[in-house]
Amino acid sequence: MNVAKFDAAYYGGGTPHPDHNTRVTYSHKTFIQLAQLLSLKSVAVVEGDASSYKTIEVDMSALRSFKKLIDSNSWDIIRFGYRPYFLEEHIMKGSDECPAECKCSSTLDGHSMGRMGCVITSSNCDIRSSDAYMLKESSFEQFKLALDRYSVDVEPMRVLPKVWYSLPQLAFQIDSAQSVEDQVRMAENFRRLCVE
C-alpha cells in the first residue's frame, strides 16, 4: 500500500494530517480491518523501510516447525523485526542481565519455530517496532483495540499473550534513528541474554 496515497484518501484534501506516529498507527489498523473484510486467517505487514540484513539459511525442519506453529493456537503475533528497547535502558544502567518478563522461551505448548524463534508471554517486556510481523485472525480485535489507545510501535506489539520473535532477527528499519549496525548488535544481545 502506498502510504502517501493512503494518507491522502484517509484524511482528505485540505484536512491537516496528524503526526507521523498517529498516521502509521491508523494505517496498521486499516491493514487489520482489510484482513477482516477479506476473512483472512492471518495478515503479514512489512513496512516500506524494513530491510533484511543478511541471508539466513533455514533448514527444512525449521520450516516444518514454523508451519506447525502457524497452524496451531500457540501464537498471536510473530515479529520478524523488533527493537529490544528494554536492553538499551539496562545496558545504560550497567546491567547485563535479562529481566524476567523478557525471558524468551524456544517452545510453547510443544510448538516452536525450530531454533529460529522464541516466545514471550508477558506484556511487560518493552520491545518496540512494527516494521515486519504476522498477526493471527483471533488477535485482530484485541490488536485493533490497542491501536485505538496507543502508538503501534509500543504497546500494541506486546499486548497479546503469545508474541514470537524470529531468531535471528530478519528485518531492520533503515530509516530508524538507530543505525542498522546498532540494531543488529541489540538483536544479538537480546538473543544472547534472553533466549532460553
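We did not get these values from a lab; they are worked out from the coordinates using the rules stated. Values in this document were obtained by computation on a predicted structure and should not be read as measured data. So basically every Cβ, Gly included, is an ideal-geometry build from the backbone, and we count neighbours across all protein chains shown.
Listing for the model above:
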read-out: Residue-wise HN-Hα coupling along segment 145-157, computed from phi with Karplus coefficients 6.51, -1.76, 1.60 (Hz; x: Gly, Pro); value: 4, 5, 5, 5, 10, 9, 5, 4, 6, 10, 4, x, 6
read-out: Lone cysteines, the chain (no partner Cβ under 4.7 Å); value: none
read-out: Cα shape, segment 28-99, gyration tensor, a/c 1.5 rule; value: prolate
read-out: Trypsin sites (Lys or Arg not before Pro), loop per DSSP, at most 15 other Cβ atoms within 10 Å - longest free stretch of the chain; value: 116-196
read-out: Tensor-based shape of segment 41-194 (alpha-carbon gyration tensor, a/c under 1.5 rounded, otherwise prolate or oblate); value: rounded
read-out: Segment VAL184-SER106, length gained on full extension (0.36 nm per residue, minus Cα span); value: 26.1 nm
read-out: Residue (of ASN124, SER112, TYR85) at the positive-pole extreme of the chain, dipole from beta-carbon charges; value: SER112
read-out: Estimated vicinal HN-Hα couplings, Hz - segment 179-196 in sequence order (Karplus 6.51, -1.76, 1.60; Gly, Pro = x); value: 5, 4, 4, 5, 4, 5, 4, 5, 5, 5, 5, 4, 5, 5, 8, 10, 7, 9
read-out: Unsatisfied cross-links (Cα-Cα over 29 Å) in the set LYS68/LYS103; LYS5/LYS136; LYS54/LYS93; LYS5/LYS67; LYS93/LYS144; LYS29/LYS68; value: LYS54/LYS93; LYS5/LYS67; LYS93/LYS144
read-out: Estimated distance in nm for a label pair at ASN21 and LYS5, the labels positioned 7 Å out from Cα along Cα-to-Cβ; value: 2.9
read-out: Relative contact order, percent, segment 41-194 [alpha-carbon distance under 8 Å, six or more residues apart]; value: 37
read-out: GluC sites (Glu not before Pro) within segment 50-130, DSSP loop, no more than 10 other Cβ atoms inside 10 Å; value: GLU57, GLU97
